[in-house]
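K.L.:
If you scroll down you'll find the structure; I have some questions about it.
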Amino acid sequence: MTAFGHPRRHLANTDSTNARGRQLAIEGAPGGTVVTADLQTAGRGRRGRTWSAPAGKALLCSAILAPLELRHSLLPLAVPLAVCEAVESLAPLECLVKWPNDVWVAERKLAGVLIEAEPPAWAVIGIGLNVAIEPTEFPPDLRQPAISVGHGVGVEAALDAVCERLGSWVGATSERVVAEYTERDALAGRRVSWVGAGGQTAEGTGVAQGVDERGNLIVVTTEGQRLGLGAGEVQLVESG
Ligand code: BTN
């Protein structure tokens, strides 16, 4: 089992902990290495978006997993499960996972995950967890409403809890990951719309019905067609 957090490199200010993590991974840093920062000037989100947070109020961390093996194929689902458990060990919150790997509390985004990988050598697991950001401190142009852990929880405690749970979930079997994801599935039974399946402009609407053994989102379209949407190809869009 990888012990995450050893060694740890903390930077007061950096462009992106994922960028630093990538660099360390390329240089051969051992699995378990974690990079953290108080502030990022070019924090990366999924799909080329940016990720920003006020200094010292969010957990901004990137953990190196090396080597990346076949048994890690559900890593994108396993990581948010680890974050859910870590948060719930610190505060009286109930966390759900919004496919593919956002952590949600009360319909608001608490954490995001960005995994960058160079298989089979390494993966950098980037986690941005809102720990103590006040509602007024979130950027007004956020696409989705956001929330923090609150309850007096600090960033260091959040890091310790996340590292501990990551160690357990990163090596979990696919069966365990899918079973736990099913318990925490924020989209189950909900109508979702997407773009990208079967080509950049293809779009669709259906009802989400969990994930398959490869982590694809299963949807049943209005026409009754059952599809498996891959996180790399499709993008969910807001729907009723
Ligand atoms: C998303 O929801 O779009 C994923 C956001 C991931 C943000 C984290 S913050 C720490 C790490 N460093 C980055 O540049 N990005 C990830």
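Coordinate-derived values only; no laboratory data. On a predicted model such as this, the values are computed, not experimentally measured, just so you know. Glycine also receives a Cβ, built like all others from the backbone with ideal geometry; neighbour counts cover every protein chain displayed.
K.L.:
Check Gly215, Gly230 and return the single one that is farther than 15 Å from Ala86 by Cα, surrounded by fewer than 16 Cβ atoms within 10 Å (Cβ to Cβ) and under 18 Å from the mean Cα position of the chain (by Cα).
P.N.:
Gly230
K.L.:
Let me ask something additional. If you scan region 88-122, which residues turn out to be away from the ligand (no atom under 15 Å from the Cβ) and closer than 15 Å to Arg184 by Cβ?
P.N.:
Glu88, Ser89, Leu93, Glu94, Ala106, Glu107
K.L.:
Would you mind finding the one in Thr50, Thr14 that is of a type outside the set (Gly, Ala, Ser) and over 17 Å from the mean Cα position of the chain (by Cα)?
P.N.:
Thr14
K.L.:
Suppose the filter is free of Cβ contacts under 8 Å to residues at least 24 places away in the same chain and among the charged types (D, E, K, R); does Glu85 pass it?
P.N.:
no
K.L.:
Quick one: which residue in Ala3, Ala78 is in contact (Cβ under 8 Å) with a residue 60 or more places away in the chain, among the small types (Gly, Ala, Ser) and surrounded by fewer than 15 Cβ atoms within 10 Å (Cβ to Cβ)?
P.N.:
Ala3
K.L.:
Oh, and also: Could you please find all residues in region 93-111 being buried (at least 23 other Cβ atoms within 10 Å of the Cβ) and either small (Gly, Ala, Ser) or free of Cβ contacts under 8 Å to residues at least 40 places away in the same chain (or both)?
P.N.:
Result: Val103, Leu110, Ala111.
K.L.:
Would you check which residues across region 23-47 are within 12 Å of the ligand (Cβ to nearest atom) and farther than 14 Å from Cys61 by Cβ and list them?
P.N.:
Correct list: Thr41, Ala42, Gly45, Arg46, Arg47.
K.L.:
Report, by residue number, each residue of region 1-39 that is of a type in the set (S, T, N, Q) and within 18 Å of Val83 (Cβ to Cβ).
P.N.:
Once the filter is applied, which keeps residues that are of a type in the set (S, T, N, Q) and within 18 Å of Val83 (Cβ to Cβ), region 1-39 yields Thr2, Thr17, Asn18, Thr36.
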